[in-house]
Amino acid sequence: MRRLALLLAALLLAACANLPEAQRPPLVVVFVVDGLPYRQVEQLRGDFAPDGLNRFLKEGAVFDAAHYGHAFTVTAAGHATLLTGVSPSRHGIIGNEWRDPQTGAAVYCASDPQEHYIGHPTRALDGTSPRKLQAETVGDVLRRISPQSRVIAVSGKDRGAILPGGQAGTAYIAMADGRFASSTFYMAAHPAWVDAFQPPAAEGRSAEAQLDAATLAFARAAVAAEQLGRRDAPDLLLVSLSGHDLVNHRWSAESPQSREHLLQLDALLQAFLRELDAAVGRARYVALLTADHGFTPSPEWARAQGLDAGRITGSTMVGRVNAALAARFQADKLVAGTSASALLLDRRLLAAQGLAPDEVAAAAREALLAQPGIAAAYTRQELASGSRAGAPFFAAMQRSWNAGRSGDVQYVTKPFWMFGTAGATHGSPYEEDTHVPLLLWGPAWVRAGHAAQPVDMVDVAPTLANLLRLPPPAASEGRPLPLPH
C-alpha cells in the first residue's frame, strides 16, 4: 500500500508540474500557532469568531488526525519539520537547544556568532541564522526555481521565523521594544518599511496577546510593502504566533487564561484574514494553519482527574543516575547532564577513566529506567543500529535522534509526567503533544471537508510545494495531502 501511495503521489506531482502557471496561488500563507493542541480547537470551535479559525473549520480542508511522528515535540523541531518535510533526525534541529556531544558546550538551534540583529542588541545565544538547519525548506525550493518570489517569515520567537524561512527566505523577529528586526545573515540594512513599523497599541491586551497582535501587524506591513501576492511570481508568507505557547507554559492549556488567549487570537486572525482578502483578493491566496506541537496538561490537573502524574527535577534525575554509575564503575559524574531529550555522557572523563561509552550508556539506561516518571530509554548504539525496533516509542525516538548532535541515552517520560516545578509543558510522543490542527483554506484550490485518515506532519512541506507547483524539498519524507478542489 505504501508503494502504491508513493506512486500515486509521484503521478500527482508530475501532473501538477504540467499545470498552467496561472493555477499557482499568487500567495501562500502559513500560520503556526505555537503550542496549540487540536483538542483546544475542538473544545472551543463553537466560541470562535465567524471568520477566524471558523473560516478554516467551515470552509476549508480539515485533517482531524494530524500528528508529529518525532518524540521530542518542541518549538524548533516542529517548525523545522513543517517546512522541510523531514524529521529532526535528518534536519538536525533536535531541540530548541542541546549540548555538543563531544565538548558538552551549549548549542542554540538558531544561534550564529557570525551574525547579529540589525539595529538591536544581540546576546550570545540569540537566533540570527538558519545555518544549523541541515535540510532545505519549501521556501528554498521556491526561491531556487523562482528567484523573483519572496519568502518572508515573521515570529515572536527567533526560531519560529529563522527555521521555517530556511536559507533563502528572510526572517524577522520581535525585539524587546515591540519592533521587528532581521539579522545580517539576510541583509546589511533593513528596508525602510521595517524601520518605519510601529507596533499597535496594546488596548488592554495581555503581553502574550500583544505579541501576537504585533506579529500580525508586522506581517500585514510586509504584505503591503513587499506587494506579496500581487506580482508575477508566487510568494510565501510564514507567520508564527508565539503567544499561546507562553500562556500554556504558565497556566496550561486547560486554564481559563489559555481559553481567553485563544479567543483573542482568533479575533486577531479574523481581522488579518479580512484585510488580506482586501489587499490580495479572497480568491488569490491559500492559507494553512497548524501548530508546532501540542501541550500536556499540568500534572496537578491530571492528578485531579485521577491520572498518574508527577514532576521530575532534571538535576535530581542526573544525580541518581550518576550515583548508580559511580557504584558500578568507581567514577563520579560520568553523566555530564541532559541535552535535549537525552542524558549526555562526559566523553573526556570516560576516556580518562578508560571506560567504554557503550557500556556506560547501557548502565545509565538501566539506572534511568529505575527513576520515577521515565517510560522508556534507549542508548546511542541502540538508536543507531535499530536493535530495539518495535519497542515502545523506539521509532519516534529514532526520528528525534541525530547522530552528530544528540546525547547518549534518549528518554521519554510517562504520560502526564514532566520536567519543571510549575506550569505545563510539552515534548513527549503522546497525543496531547503530537496531535495538532492542520487546516487549509483557499476557495480556488481547496474545497471544504474533513479527512479522518492519519496524517504525519512531514506531509505539510510536500503539500505546500504541490500547491506552488514545485518539487518537494530534496530530503522530504512526506507526501502531498489530497486536497479536494
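What follows draws every value from the coordinates through simple rules; no lab data is involved. As the structure is a computational prediction, the values presented were derived from the model and not from experiment. Ideal geometry is used to build each Cβ from the backbone, glycine not excepted, and the neighbour counts take in all protein chains shown.
A few notes on this one:
- In terms of other Cβ atoms within 10 Å, Phe63, Phe394 run from fewest to most in the order Phe394, Phe63.
- Glu59-Arg131 pseudo-label distance in nm [points 7 Å out on the Cα-to-Cβ vector]: 4.4
- Along region 473-479 the Karplus relation, 6.51 cos²θ - 1.76 cosθ + 1.60 evaluated at θ = phi - 60°, assigns HN-Hα couplings of x, 3, 8, 3, 9, x, 9 Hz to successive residues, with x for each Gly and Pro.
- Along region 239-253 the Karplus relation, 6.51 cos²θ - 1.76 cosθ + 1.60 evaluated at θ = phi - 60°, assigns HN-Hα couplings of 10, 9, 9, 8, x, 5, 4, 5, 5, 5, 4, 7, 10, 5, 5 Hz to successive residues, with x for each Gly and Pro.
- Under the Karplus curve 6.51 cos²θ - 1.76 cosθ + 1.60, θ = phi - 60°, whole-Hz ³J(HN,Hα) for region 337-348, x wherever Gly or Pro sits: x, 9, 9, 6, 10, 8, 7, 10, 7, 7, 4, 5
- Radius 12 Å from Cβ of Arg284, net charge of other residues (Lys, Arg +1; Asp, Glu -1): +2
- Taking Asp158, Asp277 and counting other C-beta atoms within 10 Å, the order from fewest to most: Asp277, Asp158
- Under 5 Å between amide hydrogens, built in the peptide plane, is the criterion, and for Ser339 it picks out Leu344 among residues at least 5 positions away or on other chains.
- Each residue in Val446, Val107 was given a count of other beta-carbon atoms within 10 angstrom of its own, and listing them fewest first yields Val107, Val446.
- Estimated FRET transfer efficiency when R0 is 25 angstrom, pair Gln453-Glu42 (beta carbons, to 0.05): 0.90
- Rounded Å value of the spacing that divides the Cα centres of region 324-347 and region 75-113: 22
- In terms of the mean number of neighbouring beta-carbon atoms within 10 Å, the peptides 76-87, 265-276 order highest first as 76-87, 265-276.
- Computed over region 310-419, relative contact order equals 33 percent, with contacts defined as Cα pairs under 8 Å that lie 6+ residues apart.
- Spacing of the two label points (7 Å from each Cα toward its C-beta) at Ser206 and Leu349, in nm: 4.1
- Value at 222 nm in deg cm²/dmol, rounded to 500, when DSSP H runs of n ≥ 4 in the chain each add -39,500 (n - 2.57): -11000 deg cm²/dmol
- P(r), alpha carbons of region 310-419 - 10 Å bins starting at zero, rounded %: 15, 50, 31, 4
- Take every DSSP beta bridge whose two residues both sit in region 310-419; close to 80 percent of them are antiparallel.
- Subtracting the Cα-Cα distance of Gln227 and Ala356 from their residue separation scaled by 0.36 nm leaves 40.5 nm.
- Rounded to 5, the percent of DSSP beta bridges in the chain classed as antiparallel: 45
- Options Pro473, Leu27, Ala192, ranked by Cα towards positive dipole end of the chain, top entry (Cβ charges): Pro473
- Taken about its Cα centre, the chain carries a charge dipole of roughly 740 debye when the Cβ of each Lys and Arg holds +1 and the Cβ of each Asp and Glu holds -1.
- When you restrict to C-alpha pairs under 8 Å that are six or more residues apart and normalise by the size of region 415-485, the relative contact order lands at 27 percent.
- Each Lys or Arg adds one and each Asp or Glu subtracts one; over the other residues with Cβ under 10 Å from the Cβ of Ala77, this totals +1.
- Taking all Cα pairs closer than 8 Å and separated by 6 or more residues, the relative contact order of the chain comes to 30 percent.
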